[in-house]
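A.B. asks: Let me give you the structure first, and then I'll get to my questions.
The values are calculated or read from the model by the stated rules, or taken from the named source; none is laboratory data. Just so it is clear, the model here is predicted, and its values are computed rather than measured. No Cβ is skipped: glycine too gets one built from the backbone with ideal geometry, and neighbour counts run over all protein chains shown. Note: accessible area is taken over every heavy atom of the protein model, side chains too, but ligands, DNA and RNA are not part of it. Shrake-Rupley method; radii C 1.70, N 1.55, O 1.52, S 1.80 Å.
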Amino acid sequence: MHALYSIRAYKPDPESRETIRQGVVGVVAAERRRFPRSSGMRVMSWLVMGPLHSSRSDSETHWTIRGVTSDGSVISTIHLYPKGTPKLFRNGGRWEKFGMRLNVRWRGTPL
């Protein structure tokens, strides 16, 4: 399992933390089976970006989790739902669009 962090401002309760952890493990395992050489597997860390929310891109309540490479590039996004099938996007949202980097150890706390 890759390292799993949460932004410092968000401290999920133990039940949410376990749901998030199991969801990320499941997505990573499924992707390894489907795409053994996938760019998504270059992810070194996963960062939970905040609490459950809905967004313009997804009206269903979800956690947004960003996949970050060792150099801080955000290359994957997971929308993880409390119930239902998670969605993996092979992009880093605005982080990727603007070439921004995420220092996970500075921005996040381990889960």
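A.B. asks: Can you say whether S76 is of a type in the set (G, A, S), assigned to a loop (DSSP other than H, G, I, E, B) and modelled with pLDDT under 95, as far as the supplied structure shows?
C.D. replies: no
A.B. asks: What's the total number of residues in segment 1-33 that are part of a strand (DSSP E or B) and touching a Pro at 6+ places or on another chain (Cβ under 9 Å)?
C.D. replies: Result for segment 1-33: 4.
Yes/no matrix, rows are residues, columns are (1) touching a helix residue (DSSP H, G or I) at 6+ places or on another chain (Cβ under 6 Å); (2) open to solvent by less than 40 Å² (accessible area, probe 1.4 Å); (3) at pLDDT below 85:
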site	(1), (2), (3)
S16	no, yes, no
R33	no, no, yes
M44	no, no, yes
G50	no, yes, no
H53	no, no, no
D58	no, yes, no
T64	no, yes, no
G72	no, yes, yes
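A.B. asks: Which number in (1) hydroxyl-bearing (S, T, Y); (2) at pLDDT below 80; (3) open to solvent by 80 Å² or more (accessible area, probe 1.4 Å) marks the one condition that S38 misses?
C.D. replies: (3)
A.B. asks: If we keep just the residues of segment 79-111 that are of a type in the set (V, I, T) and not in a helix (DSSP H, G or I), which is modelled with the highest pLDDT?
C.D. replies: Of segment 79-111, the ones of a type in the set (V, I, T) are 85, 104, 109.
Pick out the ones that are also not in a helix (DSSP H, G or I) and you get 85, 109.
Details: T85: 92, T109: 75.
Among residues in segment 79-111 that are of a type in the set (V, I, T) and not in a helix (DSSP H, G or I), the one modelled with the highest pLDDT is T85.
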